[in-house]
Amino acid sequence: MNSKLFALWLLCLPGTSWAGPNDALVDKVWVGESVPGQNSATLELNITTVKLAFLVGIASEVAERVEIHAVSKVGGKMKVRVVDRLRLPSHRTTAFGSKSLFLIMAGLKRELNVGDKVAVTIVVEYASKHRQTIVTEATVKKMALSYRHLGSDEVYDHR
């Protein structure tokens, strides 16, 4: 597939934001539904970079702030750090929401219901100090239920 056709194909993917050959690509953007009284939610997405870059800002109109959480094991215990700036290596995809990196939408201003669309703004800075602002949309998805009662295969929703 030639590069022009590939670029056109990328632009047609839902939830994908891309500007040029050296700019970051954001895809697979979604957020988990919330329940009444819940004040935070996890935002999941992938950022693919061609050049070394830094994630320097992320925001959404439905939250007071979006925090970057880095989880690591220190002395046998899991430690969560909130970071203001995160290195995005060149020629790599950084996945948020799995393993050690999470985006937390804190101070939710409203309930997030399945099917809602939420605007998300991401700011990436390159070594040249050039900043790329990416505006994308997160779909609110139903959270997978994980609580199982012993002796039964049924999953109970405890909301």
Collect the residues in the stretch 91-101 that are in a loop (DSSP other than H, G, I, E, B) and either surrounded by 12 or more Cβ atoms within 10 Å (Cβ to Cβ) or within 15 Å of the chain's Cα centre (by Cα) (or both), keeping them in residue-number order. GLY97, LYS99, SER100
Scan the stretch 102-116 and tell me whether some residue there is over 14 Å from VAL31 (Cα atoms), more than 14 Å from the chain's Cα centre (by Cα) and polar (S, T, N, Q). no
For GLU111: the one exception among (1) in contact (Cβ under 8 Å) with a residue 60 or more places away in the chain; (2) out of contact with any strand residue (DSSP E or B) (no Cβ under 6 Å at 6 or more places or on another chain); (3) loosely packed, with under 13 Cβ neighbours inside 10 Å: (3)
Identify all residues within the stretch 68-90 that are assigned to a strand (DSSP E or B) and at positive phi; write none if there are none. none
Out of ARG110, ARG65, sole residue that is basic (Lys, Arg) and assigned to a strand (DSSP E or B): ARG65
Given the options GLY37, GLY57, name the one that is small (Gly, Ala, Ser), surrounded by fewer than 16 Cβ atoms within 10 Å (Cβ to Cβ) and either in a loop (DSSP other than H, G, I, E, B) or out of contact with any Ser or Thr (no Cβ under 7 Å at 6 or more places or on another chain) (or both). GLY37
When the residues of the stretch 22-33 are narrowed to those that are assigned to a loop (DSSP other than H, G, I, E, B) and either more than 16 Å from the chain's Cα centre (by Cα) or basic (Lys, Arg) (or both), which ends up surrounded by the fewest Cβ atoms within 10 Å (Cβ to Cβ)? ASN22
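A short reminder: the numbers here are calculations on the coordinates, not readings from a lab. All values derive from a computational prediction rather than experimental measurement. FYI the Cβ positions are ideal-geometry reconstructions off the backbone, even for glycines, and counts take in every protein chain you see.
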